[in-house]
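Got a structure here, written out as structure tokens. Questions coming.
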Amino acid sequence: MRLLIVEDESKTAALLSESLMKAGFEVAYAGDGQSGLKQALNGSFDVLVCDIMLPHLDGLSFVRELRRQGRATPVIMLSARGEVEQRVEGLDAGADDYLPKPFATSELLARVRSLLRRNSLKKPVLLSAGDLNFDPVTRETRRAGRRVELSSREALLLECLLKAEGAVVSRRDIISAVWEYDFDPGTNLVGVYVRRLRDKIDRDFTPHLIQTVRGLGYALRETP
Ligand code: CA
């Protein structure tokens, strides 16, 4: 898990990094809002911890800019006592949580963990069968941990077979899922694509997952 701390008070930042690293996080650090934003936009972080009062670019503008650029990375804002209004503003600007200073690092850790949990619930579920995994959003496909490159039609075909969870899918249902035709064009389109998909996900692996069910269609399931 990677975490970025944007905080100008070097003592606080050092203390934070130390306990976060002890808790197993990989920690990056920025001492002002501008360089924090640059790092947040260029790097891939699981959580951002950001102070409100910062040189160059304050914490509120930091979050606003981050969200404006389409980044959904969870943000915890740190605010000094008496900055209640700013805390509200922080949440309005797109922060996910805030923590008033001074705080116990154990509390920050608890908030970070809770944010990560919330965030992981939002992640799409992988479709899988045996050692084959498919991400319907990114279309990333892996068999036995090896990455397999699929064309978009091949990916749609795989998705349609995986969604059936081992049940037989008819040619007609495949045609409608992959080509969005509501009729059977009568060509061997499906057969051609099934062969291509087999070449990529089955040929070099055992057991073979795609099965032809004569007269009915195709099924993707793990049979020993
Ligand atoms: Ca500060």
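The values are calculated or read from the model by the stated rules, or taken from the named source; none is laboratory data. It should be emphasised that the depicted structure is a prediction, and the values quoted were computed from it without experimental measurement. Cβ: placed from backbone, ideal geometry, glycine included. Neighbour counts: every protein chain shown. In case anyone asks, the SASA skips ligands and DNA or RNA and just uses the protein heavy atoms, side chains included. Shrake-Rupley method; radii C 1.70, N 1.55, O 1.52, S 1.80 Å.
Could you look through segment 179-206, keep only residues that are open to solvent by less than 40 Å² (accessible area, probe 1.4 Å) and assigned to a loop (DSSP other than H, G, I, E, B), and pick out the one that is modelled with the lowest pLDDT? Show your work before the answer.
Keep residues of segment 179-206 that are open to solvent by less than 40 Å² (accessible area, probe 1.4 Å), which gives 179, 190-191, 193-194, 197, 201-202, 205.
Add one more test, that the residue is assigned to a loop (DSSP other than H, G, I, E, B), and what stays is 179, 202, 205.
Details: 179: 90, 202: 96, 205: 94.
The extreme case among them is 179.
Just to be sure, is residue 35 within 15 Å of the ligand (Cβ to nearest atom), at pLDDT 95 or above and among the small types (Gly, Ala, Ser)? Step through it out loud before you land on a result.
Values: within 15 Å of the ligand (Cβ to nearest atom): yes; at pLDDT 95 or above: yes; among the small types (Gly, Ala, Ser): yes.
Judged against the criteria, residue 35 is a match.
Any residue at all in segment 64-74 that is in contact (Cβ under 8 Å) with a residue 12 or more places away in the chain and within 16 Å of the ligand (Cβ to nearest atom)? Outline the logic, then answer.
Initially, segment 64-74 is screened for residues in contact (Cβ under 8 Å) with a residue 12 or more places away in the chain, giving 64-67, 69, 71, 73-74.
Of the ones still in play, those that are also within 16 Å of the ligand (Cβ to nearest atom) are none.
Within segment 64-74 (the criterion being in contact (Cβ under 8 Å) with a residue 12 or more places away in the chain and within 16 Å of the ligand (Cβ to nearest atom)), the answer is no, since none of the residues qualifies.
A further question on this structure: Between a first residue in segment 51-62 that is polar (S, T, N, Q) and a second residue that is modelled with pLDDT under 95 and away from the ligand (no atom under 12 Å from the Cβ), which pairs have beta carbons less than 9 Å apart while being 6 or more apart in sequence or on different chains?
Partner pairs satisfying both residue conditions: 61/93.
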